[in-house]
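Working notes, structure below.
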Amino acid sequence: MNAPDLVALVHLVGFATGIALYGMLAVMIWRGARRGSAVAPGGIPLLAAILGLIWNAGALVVFGAHDFGLGELSPWYTALAYTALGFLPAVVVDASTRTPQRRPGPRPLAIFAYGLSALGGVLQAVSVVRRDALSSNGLLLLTLGYALVILFFAASARRRRESSRALTAVALAAFAVSALHLSRHSSANDSWVVELIGHHASLPLVLVILYQDYRFALADLFLKRALSVLALVAVVVAAYVTLVAPLIGRDPDNLRIGVPGVLLTVWIGTALLYPVLRRTTDRFVDRVMLHRVDYRRVRHAIARSLSAVSAPNEALDDVCRRLGAALVAGTVGWREVPEQVAGLHGSTFATATGPRSAQVLVPTNDAPGFVLEIASLGAGRRLMSDDIALLDTAAMLVGRRIDELRVSEERYERDLRENDMRRLATEAELRALRAQLNPHFLFNALTTVGHLITTAPSRAIETLYQLTALLRAVLRRTGDFVTLREELQLVDAYLAIEQARFEERLRIERDMPEELSDLLVPPLILQPIVENAVKHGISPLRRGGTISIRARLEPDAWGDGERLCLSVHDTGSGIAAERMTLGRRRGVGLENVENRLLRYYGDAGGLRITSDPAGGTLVEISLTAKRRLAAVAAT
């Protein structure tokens, strides 16, 4: 590649890069002004970005037409481009002297800079009118004038905040104009190095500005792509030097076979290599230049930490803490909203971002909703696509976790309500069963007293007193359990009444170990069975019979404890299976006992009846053995 072609390539790449960078700066400043963000004291206003854009666009047209042989354009295009570049240092000086601490009023240094740039522009216009080349006096005037401006600015800005940033911007802007002396308009006689410094000296200015105030935007939108392209160009040049160039120097007869194949191989290889170079460049810029965290790890860390929280507030606090560290944000918080967020209506999930802030609506199925608020981003940071993607993912994860916690809480509350309803229903049913049993016992006992009044009046009064004491004891019982001793006392009182009626025809046998007396049983669990034994087993026989009442402990097949087995056996005539089924369905006592055993013990309680016309009837009750402390704790 000869020197003119290399110079043309430098102009093309340099001015195109300048257009991209100054255009990026102009767009970001314009967006920031629309959103109401204040420009930093040392920042560059929109006018400076536009001037840099005019210079690079105009120079690209002028030098492109000259370098690629498209003819010479009107000299006014060149004068306009040079005048725009000449005003660039003045605007930078103006912006650098505008500080919040300074009182409103004229600023001599800025006025001098504008006057100097205007005079340089006039000299360029006069030179065009005279049909001369560019005015070297105008360029010399700008160079000497801005050298003085830099000296005065450095002396006056020594005590101001951010003076080093402002001084750097002014020096680079002045250098962009002064470097024009190094080259001439005709680039045919200048090397590419001279042309690069002379006509593209405005690039360091915009790079410094973008790195200082829009570092993340510069890296995301330009630097990553630029470095990827440069790395690819380096690979291509290395492949050309090491593979293609040696083939070209060989026998020309082999060029038609070797060179195209090698070029095709290099082309395919570079196409496959570019994604790897792009990923490597992205990691380098994010980790080394911007000190960004690995967003993939942040997402995984957020997901893991959210799985351990137990309340929506904890989930939101944890996400805000992690986002604040990842985004270098001064403030990351959340707030509750009743339905939707103003400005985010029309979608379940949305993100509203500004230059240094963001509001992220957390997607939840039910109200109230939540909004993550990010503000005061540090290090000149702006929220870019990766940052917004992180916010969206974090909001989605925390919203999903909040929904899970709400569903779990609703299930827990529903289970509590159902358990309460079942408990209340069981208690109501038990009260109904006991209310049903008490009148049944009372009616049968009064029938016995009535019979004694007609058959043995002398014993009727004494039996009536016993019945009164018995009924008082029955009606006074309100707890769910009584001791076996208390239940047997009630059975003994009832049998005493019946023995007054049947006399020697009713015989009682008991086998109740004393160590079982403190076990707890439901009240009136034995009395209805004993009453049935007297009524259906002993009463029909003229000879009477014997009722045996026994208690024993057995291993519990339902658990590791023991079971209490109560049995009532009478020596009556027994009953057939059909009559027993019909009697259990129509009667009150046995059905009541079975229902209460089911409510108190479930499948662990049972009632079994065995009847033999020759051997009488045996009723067995099986239930879990409970002591008083265990029963109290269970209730």
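Looking at this structure, is Val619 closer than 25 Å to Val482 by Cβ and either modelled with pLDDT of 85 or more or assigned to a loop (DSSP other than H, G, I, E, B) (or both)?
yes
Each row is one residue, and each column tells you yes or no for (1) touching an Asp or Glu at 6+ places or on another chain (Cβ under 9 Å); (2) surrounded by 12 or more Cβ atoms within 10 Å (Cβ to Cβ); (3) in a helix (DSSP H, G or I); (4) modelled with pLDDT of 75 or more.
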{"position": "Leu232", "(1), (2), (3), (4)": "no, yes, yes, yes"}
{"position": "Leu247", "(1), (2), (3), (4)": "no, yes, yes, no"}
{"position": "Asp253", "(1), (2), (3), (4)": "no, no, yes, no"}
{"position": "Val259", "(1), (2), (3), (4)": "no, yes, yes, no"}
{"position": "Val262", "(1), (2), (3), (4)": "no, yes, yes, no"}
{"position": "Thr265", "(1), (2), (3), (4)": "no, yes, yes, yes"}
{"position": "Leu273", "(1), (2), (3), (4)": "no, yes, yes, yes"}
{"position": "Thr281", "(1), (2), (3), (4)": "no, yes, yes, yes"}
{"position": "Val285", "(1), (2), (3), (4)": "yes, yes, yes, yes"}
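Within region 291-333, how many residues turn out to be among the aliphatic types (A, V, I, L, M) and buried (at least 18 other Cβ atoms within 10 Å of the Cβ)?
So the count comes out to 12.
Just checking, does region 136-150 include any residue being assigned to a loop (DSSP other than H, G, I, E, B), assigned by TED's automatic domain parsing to the domain that holds His11, at pLDDT below 80 and of a type outside the set (S, T, N, Q)?
Among the residues of region 136-150, not one is assigned to a loop (DSSP other than H, G, I, E, B), assigned by TED's automatic domain parsing to the domain that holds His11, at pLDDT below 80 and of a type outside the set (S, T, N, Q), which makes the answer no.
Give, as residue ranges, the strands (runs of 3 or more DSSP E) completely inside region 311-371 that count at least 2 residues that are modelled with pLDDT of 70 or more and more than 18 Å from the chain's Cα centre (by Cα).
Fully inside region 311-371 and qualifying: 329-337.
Can you find even one residue in region 165-177 that is over 52 Å from the mean Cα position of the chain (by Cα) and either modelled with pLDDT of 65 or more or of a type in the set (Val, Ile, Thr) (or both)?
So far as region 165-177 goes, yes, one or more of its residues are over 52 Å from the mean Cα position of the chain (by Cα) and either modelled with pLDDT of 65 or more or of a type in the set (Val, Ile, Thr) (or both).
Is it true that some residue in region 440-449 is part of a helix (DSSP H, G or I), at pLDDT 70 or above and surrounded by 14 or more Cβ atoms within 10 Å (Cβ to Cβ)?
yes
Which one is farthest from Leu446 (Cα to Cα), of the residues in region 535-548 that are aliphatic (A, V, I, L, M) and buried (at least 23 other Cβ atoms within 10 Å of the Cβ)?
Ile547
The values are calculated or read from the model by the stated rules, or taken from the named source; none is laboratory data. Note that the structure is predicted; figures quoted are calculated from it, not measured. Cβ: placed from backbone, ideal geometry, glycine included. Neighbour counts: every protein chain shown.
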